[in-house]
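Have a look at the structure below before the remarks.
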Amino acid sequence: MSVVTLKIDDIECTGKVGQTILEVAKENNVQIPVLCDLKGLTPVAACRLCLVEVEGLPKLVPACATKIQEGMVVKTNTEKLKNYKRMIVELLFSEGNHICASCVVNGHCELQDLGYMVGMDHVRFDYLWQSFKIDSSHPKFVMDQSKCVKCTRCIRVCDEVEGAHVWDLRGRGINVRVSTGFDEPWGQNKDCTQCGKCVQVCPVGALFDKNATSSEMIKDRSFLQRILEGREAKIWVR
Amino acid sequence: MAQKRIVLDPVTRIEGHAKISIYLDENGNVEEAQFHVTEVRGFEKFCEGRLYTEMPGITQRICGICPVSHLLASARAGDDIMGITIPEAARLLRYMMNSAQIVQSHALSFFHLSSPDFLLGFDSDPAKRNIFGVIEKFPDLARRGIRLRKFGQEVIEMLGGRKIHPAWAVPGGVREPLSEDKKQIILDWIPEVKETTKMGIEFFKSYIDKNKDVVENFGNFPSYFLGLVNEDGSYNHHDGFIRVIDSNGNIVLDKVDPRKYYEYIGESTSDHSYLKFPYLKSFGYPGGMYRVGPLARLNIAKSMGTPLADKELKEFKSFSPNGVVLSSFMYHYARLIEILHCIEKIEEIVQNPIIYKGKYRVYGGVNKEMGVGVSEAPRGTLFHHYWVDENGILTKVNLIIATGQNNLGMNKTVDQIAKAYIKNGDIKEGMLNRIEAGIRCYDPCLSCSTHAIGQMPIKVEIIDKSGNIVKTIVRD
Ligand code: SF4
Ligand code: FES
């Protein structure tokens, strides 16, 4: 059977086999916050903002990476989930140095939007105020580690779409950083094709155009959609 | 074990009090008075490691009243690092925004903060000595003053998209030109704001006619004056050259590229204040103290470059036999004349087609390891000095703000007022009000960042010869 029926927040939904809870929820206008997920890239369930409760399962599951199943009963907005999500966003803010006022994506930032969405009126955790580096060695782009939320979108888009695999993660725990191979300055990386895809998919102000000043950077992800459509229409298959 | 006492004074953040220490001699007369700025803000330090392109956005947050000044100085420092000359349209647009900024800030200073002192009297009921008291007694003037400020704010918004903290000037020019539909709105507003400024000027002149003693006692002392002027010596509040004159009107420095300021200006620190004390290197410290801001800018300028302001400048200069006005009280008059110039300039610039059609932004990379940006903020010349590595990451930042440069002037003013009001240990009534008004002449950021309405919170300590505090007067 190719059609699956399930319940999301008391709404009777149907979806196709292989779809994720997140996709079906979206089709039914149920809003689930996401950060690492981006249509066109393989889900990695890194941020945990899309966690949902599924009846009968002992743990919370990420909606972006969990396939729908017949008869599933999903809750996306319980008190417990709301509390967790706000906490996740607060932790993200306390871990980086997110100074919205002077940030290049102020007003067009997915983390900022999430803050509003989960009702974060203040951060209950102490800020870590870690010292981060800015890498502006690239001729066109800048990488500001202090804003990175480790969603890995840049890594995936570079690997899966551009095929260059410039970026990856290094370090552990709180010291995880997105880095180029051998952690050389971005400008010296021979694999980078200067396509800027990583910059456009980055949800925050961690990757941006070199000349951008505060609030000036608006990301354009329409290229991903074009690539997806092209793939589906097999325009690159000889 | 011997006791050790550690005294932390001044305490940081003083809850918004201006702290003043007055030292008395054996006979209870004032030996010295000091005005302390006890706020320390770490901007210079925490900007290190950031990108120079971010600086306009970051440094404009230093102030909520004059963010535009930091924005423009910072963008200019960026231009310098890129080693470029911005397009003419961008230059005019920046001049226009700085003009609007001066209008709004000066209108706030004169009509909202200072006019209650003149209109209602220094010793009038403090509960009424504020803009509301003025509205009650002089409704027309008060309303006009508020609208004058609004004019400046709205022009800033039309250019930058918002009234406060517009991130509009960028290294290389500006982000957006003025949209043409704004032209008529601005032009229609001009006659009213000109009229308001003229009313303010008339009013101020009649006040000083009747109150010569105030002019005499309010920071009336010789000093050097520093500011920007065009190459021909005419007034320019944004992209001129540094000129310095002495109190006799002799030009001691001229046509100095502001980007070379550090060859002429040194900075000294003092134990009693967190502000740095800039001074002219060739005259040493403290002999080379200078004043900046409206009074200085008018003293150094040969002409204003616009007709109405030019007429007024002549009268202003006639207040002193050698054309150099020394009384800090005349800062107020100077402010009004600057407003006039700025309105006339805005009128001129909006009619220049180039600002709607011309190229307004250029791009470039890091071409120099150091950049300086200078602009005249409402309160005085503002210097942003950045050092960067080859990728544009800041390695060092130095900011010289107007209030810092007037610090010595404010000290002298307080000193002079204290001497006039304290005799043989006897403190005359009204001293606090005079000190407050004396400080307000300089319109230091403090006066607005604390309480715009009502009185300035002040703490005065009177200290005798042996170092004991004999009296503390606190007004919250
Ligand atoms: S740089 Fe941006 S896209 Fe890459 S992991 Fe960090 S936040 Fe995500
Ligand atoms: S969006 Fe699902 S875990 Fe990030």
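Taking a threshold of 23 Å on the Cα-Cα distance, which of the pairs B:260/B:368; B:428/B:459; B:419/B:471; A:197/B:357 fall above it?
Values: B:260/B:368 14 Å; B:428/B:459 16 Å; B:419/B:471 16 Å; A:197/B:357 33 Å.
Violating the 23 Å limit, Cα to Cα: A:197/B:357.
What range in chain A is the longest one free of GluC sites (Glu not before Pro) that are in a loop by DSSP and have at most 16 other Cβ atoms within 10 angstrom?
Values: sites that count: A:55, A:70.
Here the longest run is A:71-238.
Around residue A:187, under 15 Å between beta carbons, what's the net of Lys plus Arg minus Asp minus Glu among the other residues?
Values: positive: A:133, A:140, A:190, A:210; negative: A:135, A:144, A:183, A:184, A:191, A:209, B:389, B:390.
So the environment of residue A:187 carries a net charge of -4.
Net charge near residue B:29: determine it from the other residues with C-beta under 14 Å of the C-beta of residue B:29, scoring Lys and Arg +1 and Asp and Glu -1.
Details: positive: B:419, B:423, B:428, B:465; negative: B:25, B:26, B:31, B:32, B:415, B:426, B:464.
Local net charge: -3.
Take the alpha-carbon centre of segment B:126-149, take the same for segment A:182-229, and report the distance between them in whole Å.
One Cα centre to the other: 53 Å.
Can you give the log10 of the normalised intensity I(q)/I(0) at q = 0.05, 0.10 Å⁻¹, computed with Debye over equal Cα scatterers of the protein assembly as shown?
The calculated log intensity ratios at q = 0.05, 0.10 Å⁻¹ are -0.32, -1.01.
Given R₀ = 51 Å, what would the calculated FRET efficiency be for residue B:221 paired with residue A:174, taking r from the Cβ atoms and rounding to 0.05? Kindly include the intermediate steps, with their values, before the conclusion.
Details: r = 57 Å, r/R0 = 1.13.
That pair, residue B:221 with residue A:174, gives E of 0.35.
Taking the Cα centre of each part, how many Å lie between segment B:289-358 and segment B:165-182?
Their Cα centres are 25 Å away from one another.
Take the alpha carbon gyration tensor of segment B:43-405, find the square roots of its eigenvalues, order them as a ≥ b ≥ c, and report rounded if a/c is under 1.5; if not, report prolate when a/b exceeds b/c, else oblate. Please report the intermediate quantities before stating the final value.
Numbers: a/c = 1.66, a/b = 1.23, b/c = 1.35.
Cα axes put segment B:43-405 in the oblate bin.
Going out from 0 in 5 Å bins, what whole percent of all Cα-Cα distances in segment A:97-233 drops into each bin?
Binned Cα distances yield the sequence 2, 9, 18, 23, 20, 15, 8, 4, 1, 0, 0.
Report, in listed order, any pair from A:59/A:80; A:140/B:182; B:150/B:198; B:423/B:465 with a Cα-Cα distance greater than 24 Å. The partial results should precede the final answer.
Numbers: A:59/A:80 12 Å; A:140/B:182 35 Å; B:150/B:198 17 Å; B:423/B:465 15 Å.
Result: A:140/B:182 exceed 24 Å.
Starting with the highest mean, order B:278-286, B:167-175 by the number of other Cβ atoms within 10 Å, averaged over the residues of each peptide.
Order by mean packing, descending: B:167-175, B:278-286.
I want the local charge near residue B:209. Using Cβ-Cβ distances under 13 Å, sum +1 for each Lys or Arg and -1 for each Asp or Glu among the other residues. Mind dumping the intermediate values first?
Details: positive: B:205, B:210, B:212; negative: B:202, B:213, B:315.
Surrounding charge for residue B:209 is 0.
Between residue B:303 and residue B:27, what length comes free when the chain is fully extended (0.36 nm per residue of separation minus the Cα-Cα distance, one decimal in nm)?
Details: separation 276, 0.36 × 276 = 99.36 nm, distance 4.78 nm.
Gain in length upon complete extension: 94.6 nm.
Looking at this model, which pairs from A:85/B:45; B:255/B:359; B:212/B:317; B:255/B:314; B:210/B:311 are more than 26 angstrom apart at the alpha-carbon? Numbers along the way, then the final one.
Working: A:85/B:45 35 Å; B:255/B:359 28 Å; B:212/B:317 16 Å; B:255/B:314 23 Å; B:210/B:311 22 Å.
Check vs 26 Å cut-off fails for A:85/B:45; B:255/B:359.
In Å, what Kirkwood hydrodynamic radius results for segment B:181-261 from the alpha-carbon pair distances? Walk me through the numbers on the way to the answer.
Numbers: mean 1/r = 0.0619 Å⁻¹.
Kirkwood radius, segment B:181-261: 16.1 Å.
What are the DSSP H helices in chain B that stretch 30 Å or more along their long axis, judged by alpha-carbon atoms, and whose average Kyte-Doolittle hydropathy comes to at least -0.5?
Helices passing the filter in chain B: B:139-160, B:182-210.
Given labels modelled 7 Å from the Cα in the Cβ direction, how far is it in nm from residue B:426 to residue B:359?
Distance between label points: 7.3 nm.
Can you work out the FRET efficiency for the pair residue B:285 and residue B:473, with r the C-beta to C-beta distance and R0 = 45 Å, to the nearest 0.05? Don't skip to the end; give the middle numbers.
Working: r = 31 Å, r/R0 = 0.68.
Computed FRET efficiency for residue B:285 and residue B:473: 0.90.
Report the label-to-label distance for residue A:124 and residue A:218 in nanometres (one decimal), using points 7 Å from each Cα along the Cα→Cβ vector.
Result for the modelled spin labels: 3.7 nm.
Roughly what would the spin-label model give for residue A:77 and residue B:203, points 7 Å off Cα along C-beta, in nm?
Once both label points are built, they end up 5.5 nm from each other.
Quick check of the Kirkwood formula: for chain A, what is the inverse mean of 1/r over all pairs of different Cα atoms, in Å?
Numbers: mean 1/r = 0.0521 Å⁻¹.
For chain A, the Kirkwood estimate is 19.2 Å.
Ratio of Rg to Rh for segment A:110-185, alpha carbon only, Kirkwood? Please report the intermediate quantities before stating the final value.
On the way: Rg = 14.6 Å, Rh = 14.4 Å.
Rounded to two decimals, Rg over Rh is 1.01.
Quick one: which residues, 5+ away or cross-chain, put their amide H under 5 Å from the amide H of residue B:235? H built at 1.01 Å from N.
Excluding prolines and chain starts, which carry no amide H, the hits are B:230, B:302, B:303, B:304, B:305.
Rule-based calculations on the coordinates, nothing more; no lab input. None of the values given here were measured: they were computed from a predicted structure. Neighbour counts are summed over all protein chains in view; Cβ atoms, including those assigned to glycine, are modelled from backbone coordinates with ideal geometry.
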